[in-house]
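Here the structure is laid out as structure tokens; the discussion comes afterwards.
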Amino acid sequence: MIKNNGNGEYRVLGTRPVRHDGADKVTGKAVYTADVQLPGMLRGFILRSPIAHGRIKSIDTSAAKTTPGVHAVITSADMPDVGDKVADLGEGAVNLKYLSGNVLAQDKVLYKGHAVAAVAAVDIHVAEEAAKKIVVEYEELPSVTWVLDAMQDDAPLLHEDLHTDSMGAKSENPSNICTHMHFEKGDIEDGFAQCDIVVEREFKTASVHQGYIEPHASVGDWNEDGRLRIWTATQGSFTARQQTAEVLQIPISDVVVTPCEIGGGFGGKIAVYLEPIVGMLSKLSGRPVKISMTRADVFEATGPTPGSYMKVKLGATSEGKLVAGEAWLAYDAGGYPGGMIGPGCMCVFSCYDIEHAVVDGYDVCVNKPNTQAYRAPGATQVAFATEQLVDEIAKQIGMCPLSIRQLNAAKEGTVRVDGPKYPPVGLVECLDALEDSDHWKSTLEGPLRGRGIAAGFWFGCGLKSCATVTVNHDGTVNLLEGSTDIGGSRTSLAMQLAEVLGITSDDVNPMVGDTDSVGYTDVTGGSRVTFATGLAAYTAGRDLQTQMISRAAEEVWDCSPDEVTLESDGRFTHNDESKTFKELAAQLFKHGEPLVARAAVSPENPTNGFGVHVADVEVDPETGKVTVLRYTTIQDAGKAVHPSYVEGQLQGGTVQGIGWALNEEYFYHDNDTVANASFLDYRMPTMLDLPMIDTIIVEAANPDHPYGVRGVGETPIVPPPAALANAIYNATGTRMEQLPMSPPVLWKQLQTESTEA
Amino acid sequence: MANKRHVSTTINGEPKEFLCAPHESLLEVLRDNLGLTGSKEGCNNGNCGACTVILNGRPVDSCLVLGVEVEGAEVETVEGIADRNELHPVQECFLEGAALQCGICTPGFLVASKALLEKNPDACEHTIRYNLAGNLCRCTGYDKIVRAVQDAGARMAESN
């Protein structure tokens, strides 16, 4: 008999132990991919396209190949032909010709920075010098980077064979529009007819980059036994394995991926860039090969989040009840199809109970690096639009921005425009927490100061995770799992196992295994690790206890398993005798076979993370600079396993959102090449740009997790641009329709509006 | 290729000699020649601070210093902050305060924070934010880093 301890009273959950990998990470011992050193290892350098769009007429690598110290030179001609085949990568399908083409350009380059050739040499300087001797002849083609321009009939075509997939039907003519998706609920005409007030605006957002501090890096060693070993900076070792195997057309079982410590990902380290290249260079040279991207490579060749155009219309009654919403969304996908428009459509009205809605979304190729996920991909853009319209309606009917959100908040039973009906969710609780907060109750005074709020949503996925637990002689346990640890997840998983077993976090040694040693586990992404791999750790703990009950009955107490009770604190009791987990584990070890437990999970339901943010700003009318005076992030974590890590996710996501809101953007030269591929010119927030970020953790239990855990990682990036835009409006009376709301943009708008006034 | 030069220096209190080409940065020397991979390369042009080391008492971006420039100098890296197995207060406070997530910027922050606190252990929030603005972190939003540095300053003042 197992007594469920899901009673909200925990010994381990909710505490703040020091992370298991902490000492390594403060002493410089933690091994990131760039730190990997293998005997005989070569260094690689990638030659990249200097132009935004062009046909490759010829590549002459002869001078590079004969450079002393060079061991291998490759172009796409050295890579296998993957054909026009769609592969299911677990999190979504991808056409292999696009995946392979992004790794090394085939007949065309589609953005500045597109990889064209790669060199492996004795050191990085020799490799770079040799790469510069490669002669590539291009036929330069007209290019396009703005999503609406790319949708025009006469736009330069990136893929001559791409036809728009519109709800399953293919367009007759080739187009940059890869996909058109459409969602609706209710009757939109009837809905707007019921409205007393309708607001509509157009918005646009610039491409931004995830900005992880660790550049992409991979090491490949094509071993003499025919197996390819990869050490890499990835969010998912198994997807890296599959993509690498597909691009190189070798069996998955011939690739083993070791996920090294990873220096940030935020969605940008899921697609493979370097892994197939180091693999092929290693195969040809017979030596291990390491490539680290430069920072410019990272900005120019890895995934930004989509630039977007959005036209959104929202209607309400005079009492503030939102009745109808309509959205037309165009997101750029970068050079290859498959951007973030799906989640954009999902999230545009996801925070509200709106009876009638229509959403049309377009995924559009442009001459930018292939778009990748960035923390709640696609959601921040639409929140910037919708959350401002909600404020605008509130303002026009004289309602408080918090009240209108409380009145309309999505809750259990609300049906989202893309179909799902919410189970219990915590948006109302977050809004109520805002109402009770010191920040909301405080007054903000002074000229050109304003307060803004916004809500945000990210669905959070389940996907597949595995865990194995082995028991040591002394009753401590080892937890082997496959989720790359980007922010302390080893510890949040170990804590869940410790909670089940009645031991401490320190009694658990968590380890992230390579793809040979741990069961299949999907990416560290989708806010899923603490939820889904946590569920695996929990379930493995339960498996272990079930085994121990049987063994204790047979080997210790000579009774039926039914007569052994597992207490909520993890003790095993029989009649008046009680043993802790450690005591029983040590005893069973002496009696017989070692204890090993395992779990494989694939939770189906999303975890539905909602958050609400409040920002106070001051606008400098002379420069257009926005200073964030105070900021509070409120989010439903379901159950905060390690509150410091939850706070850290909230603060980190918020600050990425603040950067997106106020400064970050790609600038392009007239020829559509990136003009600001450095941290100096791509201006991410520094410490000096920010106040402390206050957090309030709400705990509205997720019914699909034994401890109520929801994912928290992504939602916090969603509300900041909208909250700051609303704050800027309240400070200046100016409504912001574009991101970033950088000093020149805001200054110009203030000038224009004061002239018009 | 230029001939390699011989350099004698002190790293983390120990005398070291190495050979390096004139164009190699101190960061390359530390990581590739000496195996001290705790200093990280985030940008290789002085904008992120992940490679911060203390050179003759001052925090510098080691990617902007040439290897040959440290002849006769004293260099301190993240590997030299702890005293044998005893973590420095700044390391302890980063761990206890959860001031790191992915950890790639952490070595640079620790080195820069130690340099600041040794001069000014009771640095206020603004002073910390001003002095560490050259170190980028993309995970934490900086809140917990600022607090950890403040806590470390207090702990250092106590132990003195």
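Values in this text are rule-based calculations from the coordinates and carry no lab data. Model, not experiment: these values are computed from the prediction. When we count neighbours, we look across all protein chains shown, and the Cβ atoms used for this are built from the backbone with ideal geometry, even at glycine.
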What whole-number distance in Å separates the alpha-carbon centres of segment A:433-488 and segment A:260-313?
26
Taking the Cα centre as origin and putting +1 on Lys and Arg beta-carbons and -1 on Asp and Glu beta-carbons, what dipole magnitude results for the protein assembly as shown, to the nearest 20 debye?
1220
Counting all Cα-Cα pairs in segment B:89-159, those more than 15 Å apart amount in percent to 42
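What pairs from A:K29/A:K269; A:K464/A:K590; A:K639/B:K144; A:K311/A:K748; A:K313/A:K639 go past 24 Å between their alpha carbons?
Working: A:K29/A:K269 22 Å; A:K464/A:K590 35 Å; A:K639/B:K144 21 Å; A:K311/A:K748 22 Å; A:K313/A:K639 35 Å.
Result: A:K464/A:K590; A:K313/A:K639 exceed 24 Å.
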Take the alpha carbon atoms of segment A:122-154, find their center, do the same for segment A:534-559, and report the distance between the two centers in whole angstrom.
59
Karplus-derived 3J(HN,Hα) from phi for segment A:583-590 (6.51 cos²θ - 1.76 cosθ + 1.60, θ = phi - 60°), whole Hz, x at Gly and Pro, runs 4, 5, 4, 5, 5, 5, 4, 5
Please find the FRET efficiency linking A:T66 to A:D88, where r is the Cβ-Cβ separation and R0 is fixed at 60 Å, and quote it to the nearest 0.05.
0.90
Of all GluC sites (Glu not before Pro) in segment A:423-492, which ones are in loop regions per DSSP and have a Cβ with at most 14 other Cβ atoms within 10 Å?
A:E445
Relative to a virtual label point 7 Å from the Cα of A:Q396 in the Cα→beta-carbon direction, which members of segment A:724-757 show backbone nitrogen distances below 18 Å?
A:726, A:729-730, A:733-737
In whole angstrom, how far apart do the alpha carbon centroids of segment B:90-132 and segment B:4-41 sit?
24
Show me the GluC sites (Glu not before Pro) within segment A:81-167 that DSSP assigns to loop and that have at most 10 other Cβ atoms within 10 Å of their Cβ.
A:E160
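What's the magnitude of the charge dipole for segment A:657-757 around its Cα centre, counting Lys and Arg as +1 and Asp and Glu as -1 at the beta-carbon? Answer in Debye, nearest 20. Display every interim value, and only then the final one.
Numbers: 4 positive and 13 negative charges, 41 e Å.
Using Cβ point charges on Lys, Arg, Asp and Glu, segment A:657-757 gives about 200 debye.
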Trypsin sites (Lys or Arg not before Pro) within segment B:1-89: DSSP coil, no more than 10 neighbouring Cβ in 10 Å:
B:R84
About its Cα centre, what dipole magnitude does segment B:89-159 give when the only charges are +1 on Lys and Arg Cβ and -1 on Asp and Glu Cβ, stated in debye to the nearest 20?
260
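With a 10 Å radius around each residue's Cβ, average the other Cβ atoms per peptide and rank A:579-592, A:36-49, A:261-274, highest first.
Details: A:579-592: 17.4, A:36-49: 20.1, A:261-274: 26.6.
With the highest mean Cβ count within 10 Å placed first, the list reads A:261-274, A:36-49, A:579-592.
Which of B:R155, B:R58, A:R528 has the fewest other C-beta atoms within 10 Å, and how do the rest follow up to the most? Could you put the intermediate results ahead of the total?
Values: B:R155 18, B:R58 8, A:R528 27.
Placing the least packed residue first, the sequence is B:R58, B:R155, A:R528.
What order do you get for A:W458, A:W440 when you list them from fewest to most C-beta neighbours inside 10 Å?
Details: A:W458 34, A:W440 16.
With the sparsest Cβ surroundings first, the list reads A:W440, A:W458.
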The protein assembly as shown -> Rg/Rh from Cα coords, Kirkwood Rh, value 0.97
